[in-house]
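Q: Let me begin by handing over the structure; questions about it come next.
The values are calculated or read from the model by the stated rules, or taken from the named source; none is laboratory data. Just so you know, these numbers come straight off a predicted model, no measurement behind them. In this analysis, Cβ positions are derived from the backbone assuming ideal geometry, glycine residues included, and neighbour counts consider all displayed protein chains.
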Amino acid sequence: MKANPLPRSVAIPKDWRTLDWASVFAAIIYPVLGVFALALAFTLGLALDSLTLAWWHPVVALAVGAVTLVICNIGIGVLHRIWQHKAGELAVRAQIITAINCIIAMQGKLKDWVNYHSQHHRLSDKPGDPHNPHEGKLWAWMGWLIFRDSGDLERPTALWLRDMKTIQILDRHYSLMTLGMHLMLPALIYLLVWVLGGSLLLTFILHAAAVTARGIQFHATILGVNVFGHLKTPLWVDYLLAVLTGGEAFHDHHHSDPVSALHLPRRGLLNRLVDYNGTILLIFEKLKWVRDLKIAPQFIAQPQLPAQ
């Protein structure tokens, strides 16, 4: 008789040997640096006459932050709905866009992402679930992410993804690509702005806004899906978290109908604005960048019956 698995929060030692520094950086250090940099930029801009801080700088920073948040969510949404749950098949150009967005969102190697999520569905809210909120909300939020079992990371790529070149390349070069996206590319932009005589302060503010927004999106996703998605929450909380996660936080249906490209009904402008991860898949479908989209029956728009 097979023994039941231990709760992950008990089975994984919480010490320096199991601490995953890449996750610590992505989840804690990098977002803190973003918030600190944003506060520093505005403080220096207000305090020093030599720096020009315009009224519209915060407006542009908010816009850049919003765009960054949406880009990160679209990457995670397509990864989750298509690559994880096989709700369709992506053309190569859509695969590349999704991979880039996942690098911006700092989601780690996709084989690990898919393996953890597969365990979650197989053992949801039971011992063995990697982020069971009934073992502690803090564990389901960040504990499972920063303390890792080496056996989890040694699992091979899921069979249905193993032959996909995009995923092979991304996982093989993930660390280098992440350094390029989050360090080398910003450094190049700073250099170009300096050479062209642009505002380094504005560039710094926009960079800090993007880093901060990625941190907000990161934590909204793991809180909205792993914690609040498995607990009873008010409707307004569901919608707030859904806006911050592109619809991923709408979780009530997900374990009964995981194979769905949409998390809200196809009809209705509000649905398509809130569940924008699903909306981008509908756009990909129009562009023929995705095919064989699968949608849960309750989310398929029903034809309007004529009035009697």
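Q: Only one of these is touching a residue at least 40 places away in the same chain (Cβ under 8 Å) and surrounded by fewer than 18 Cβ atoms within 10 Å (Cβ to Cβ): PRO127, PRO133. Name it. Walk me through it before giving the result.
A: On the way: PRO133 fails: surrounded by fewer than 18 Cβ atoms within 10 Å (Cβ to Cβ).
On inspection, the qualifying residue turns out to be PRO127.
Q: Take segment 266-295 and flag every residue that is more than 22 Å from the chain's Cα centre (by Cα), part of a loop (DSSP other than H, G, I, E, B) and at pLDDT 95 or above.
A: Scanning segment 266-295 gives LEU287, LYS288, ASP292.
Q: Do we have any residue at all in segment 203-211 that's in a helix (DSSP H, G or I) and within 15 Å of the chain's Cα centre (by Cα)? So that I can check it myself, show each step before the final result.
A: We begin by selecting, within segment 203-211, every residue in a helix (DSSP H, G or I); these are 203-211.
Going one step further and asking which of them are within 15 Å of the chain's Cα centre (by Cα), we end up with 210-211.
Yes - at least one qualifying residue is present in segment 203-211.
Q: Okay, moving on. Show the residue pairs that are 6+ apart or on different chains and have beta-carbon atoms under 8 Å apart, the first residue being within segment 207-218 and under 14 Å from LEU244 (Cα atoms), the second being modelled with pLDDT of 95 or more and of a type in the set (Lys, Arg).
A: Going by the 8 Å Cβ cut-off, there are no qualifying pairs.
Q: Sticking with this one: What are the residues in segment 106-158 that are part of a helix (DSSP H, G or I), modelled with pLDDT under 95 and farther than 19 Å from HIS230 by Cα, if any?
A: Across segment 106-158, the qualifying residues are SER150, GLY151, ASP152, LEU153.
Q: Which residue out of TRP83, TRP141 is farther than 30 Å from ASP15 by Cβ, surrounded by 14 or more Cβ atoms within 10 Å (Cβ to Cβ), in contact with a Leu (Cβ under 7 Å, 6 or more places away or on another chain) and among the aromatic types (Phe, Trp, Tyr)? Before you say what the answer is, go through the steps one by one.
A: On the way: TRP141 fails: farther than 30 Å from ASP15 by Cβ.
Going through TRP83, TRP141 in turn, just one is farther than 30 Å from ASP15 by Cβ, surrounded by 14 or more Cβ atoms within 10 Å (Cβ to Cβ), in contact with a Leu (Cβ under 7 Å, 6 or more places away or on another chain) and among the aromatic types (Phe, Trp, Tyr): TRP83.
Q: Would you confirm whether any residue within segment 57-64 is touching a residue at least 24 places away in the same chain (Cβ under 8 Å) and either within 18 Å of the chain's Cα centre (by Cα) or outside any helix (DSSP H, G or I) (or both)?
A: yes
Q: Would you check if PRO156 is free of Cβ contacts under 8 Å to residues at least 60 places away in the same chain and closer than 24 Å to ILE216 by Cβ?
A: Numbers: free of Cβ contacts under 8 Å to residues at least 60 places away in the same chain: yes; closer than 24 Å to ILE216 by Cβ: no.
Spelling it out, it is not the case that PRO156 is free of Cβ contacts under 8 Å to residues at least 60 places away in the same chain and closer than 24 Å to ILE216 by Cβ.
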